[in-house]
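Single-structure report; data block below.
The values are calculated or read from the model by the stated rules, or taken from the named source; none is laboratory data. Computed from a prediction, not measured in an experiment: that's the story for all the values here. Please note: Cβ atoms are built from the backbone with ideal geometry, for glycine as well, and neighbour counts cover all protein chains shown. Note: areas computed on protein heavy atoms with side chains; ligands, DNA, RNA excluded. Shrake-Rupley method; radii C 1.70, N 1.55, O 1.52, S 1.80 Å.
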Amino acid sequence: MHQNAPHREARAGTAVHGSGLYSTGMPADGAPPATMSAAPLFPDFDTRDIETAPGVTIRVRTGGRGRPLLLLHGHPQTHAIWHRVAPVLARRFSLVLADLRGYGDSAKPGGKADHSAYSKRVMAQDMLQVMRALGHQRFDLLAHDRGARVAHRLAMDHPWAVRRLVLLDIVPTLAMYEQTSEAFARAYWHWFFLIQPAPLPERLIEADPAAYVRDVMGQRSAGLAPFHPGALAEYARALALPGAAHALCEDYRAAAGIDLDHERADRAAGRRLAAPLLALWGRDGVVQRCFAPLAEWRRVAADVQGAPLPCGHYIPEEAPQALLDAALPFLDEPEPR
């Protein structure tokens, strides 16, 4: 697979290629300020596009030194969710921060009738190809929300590639659909909105992508207060890109169809995750309120530990220190001899 030459992030006073990520040092108030300082959210990280399939490129940032660690974001976000933990992680890991297929500055191929272009199996294959292109045959994974669903599939389909796995604020997709309650449906309304046939949800999102970002994220337990204005602006910018709304919907349509088929096949065959798994979820979130996370993960994985953290859904931005305190000891454990 092809990858372009990396370029270095801009220094203070210059624009950042491709992403527009800027740090202001100001508390988030729900809307980006009119003028932002030029200090990037990811100083000293390289940016590149890696081809993972014909016509499909994945945008990645790389930085740090050490054992490889792949970080995957969720909805409706980009790799910018990691800006509060990346500087610490980079001290001990070779970080790969990727935009999922359909998100951020990664490619947004058109959907198919069976939504397979956005199946978690295909999205996981993207990430496997990214890591191979960077020379990483075996690696750790830290993933949130939609990215955690991709990570789940990657570790299930390619167990030899994943050393240890940290999944944030999810339980398996099949469990969540099988146990859907009124409380869950009300809280996760977007699951059922985004799977409606095209182009209805796409048209409504495209009418005001920034409002969609603010409304979806702001309705969670912490509101918009935890979000850096530069990161919030990045999420809105990315969702306004051509094809982004359709790709986002296709991700969810796949989750309600072909992804469930894949999880049912795993269950029928007795396949379980082999990599040690750390499940972390928000104490104030929907996963805590509606599900039993450890019990659900122990149904599909052989080696599971985990705990709630003092936050809501957006763990890397709401509780970065708590995340690091929980994840680093787990990721630092050596391979069994």
Candidates Ala233, Ala255, filtered to the one that is open to solvent by less than 10 Å² (accessible area, probe 1.4 Å) and within 18 Å of the chain's Cα centre (by Cα): Ala255
Near pairs, Cβ below 6 angstrom, 6+ apart or cross-chain, from the stretch 30-59 (more than 29 Å from Arg220 (Cα to Cα) and open to solvent by 20 Å² or more (accessible area, probe 1.4 Å)) to any residue that is at pLDDT 50 or above and in a loop (DSSP other than H, G, I, E, B): Asp46/Pro6; Arg48/Asn4; Arg48/Pro6; Asp49/Asn4; Glu51/Met1; Glu51/His2; Thr57/Ala107
Options Trp191, Trp281; residue that is aromatic (Phe, Trp, Tyr) and within 30 Å of Arg138 (Cβ to Cβ): Trp281
Residues within the stretch 164-197 that are touching a residue at least 24 places away in the same chain (Cβ under 8 Å), open to solvent by 20 Å² or more (accessible area, probe 1.4 Å) and farther than 25 Å from Asp114 by Cβ, tallied: 3
Residue in the stretch 127-135 that is in a loop (DSSP other than H, G, I, E, B), touching a residue at least 24 places away in the same chain (Cβ under 8 Å), closer than 20 Å to Leu168 by Cα and under 15 Å from the mean Cα position of the chain (by Cα) present: no
Residue list for the stretch 280-309, filter: in contact with a strand residue (DSSP E or B) (Cβ under 7 Å, 6 or more places away or on another chain), in contact (Cβ under 8 Å) with a residue 60 or more places away in the chain and under 16 Å from Gln179 (Cβ atoms): Trp281, Val287, Pro293, Trp297, Val300
Failed condition for Ala148, given (1) in contact with a helix residue (DSSP H, G or I) (Cβ under 9 Å, 6 or more places away or on another chain); (2) small (Gly, Ala, Ser); (3) open to solvent by less than 10 Å² (accessible area, probe 1.4 Å): (1)
Complete set of residues in the stretch 284-295 that are part of a loop (DSSP other than H, G, I, E, B) and within 19 Å of the chain's Cα centre (by Cα): Gly285
Selection within the stretch 137-183 - among the polar types (S, T, N, Q) and assigned to a helix (DSSP H, G or I): Thr173
Residues located in the stretch 46-84, provided they are under 23 Å from Arg237 (Cα atoms), outside any strand (DSSP E or B), more than 14 Å from the chain's Cα centre (by Cα) and not small (Gly, Ala, Ser): Arg84
Residue tally, condition buried (at least 16 other Cβ atoms within 10 Å of the Cβ), under 30 Å from Gly223 (Cα atoms) and of a type in the set (A, V, I, L, M, F, W, C), over the stretch 296-323: 7
Ala265, sole failed condition from (1) open to solvent by less than 10 Å² (accessible area, probe 1.4 Å); (2) under 23 Å from Trp191 (Cα atoms); (3) not hydroxyl-bearing (Ser, Thr, Tyr): (1)
Cβ pairs under 9 Å, 6+ apart, first in the stretch 81-95 and open to solvent by less than 40 Å² (accessible area, probe 1.4 Å), second in a loop (DSSP other than H, G, I, E, B) and hydroxyl-bearing (Ser, Thr, Tyr): Ile81/Tyr314
For Ala233: the one exception among (1) free of Cβ contacts under 8 Å to residues at least 12 places away in the same chain; (2) not in a loop (DSSP other than H, G, I, E, B): (1)
Residue within the stretch 146-156 that is more than 21 Å from Ala302 (Cα to Cα), among the β-branched types (Val, Ile, Thr) and either in contact with a Phe, Trp or Tyr (Cβ under 9 Å, 6 or more places away or on another chain) or touching a residue at least 12 places away in the same chain (Cβ under 8 Å) (or both) present: no
Checklist (1) within 17 Å of the chain's Cα centre (by Cα); (2) at negative phi applied to Pro87, failing item: (1)
Checklist (1) more than 17 Å from the chain's Cα centre (by Cα); (2) modelled with pLDDT of 95 or more; (3) on the phi < 0 side of the Ramachandran plot applied to Val216, failing item: (1)
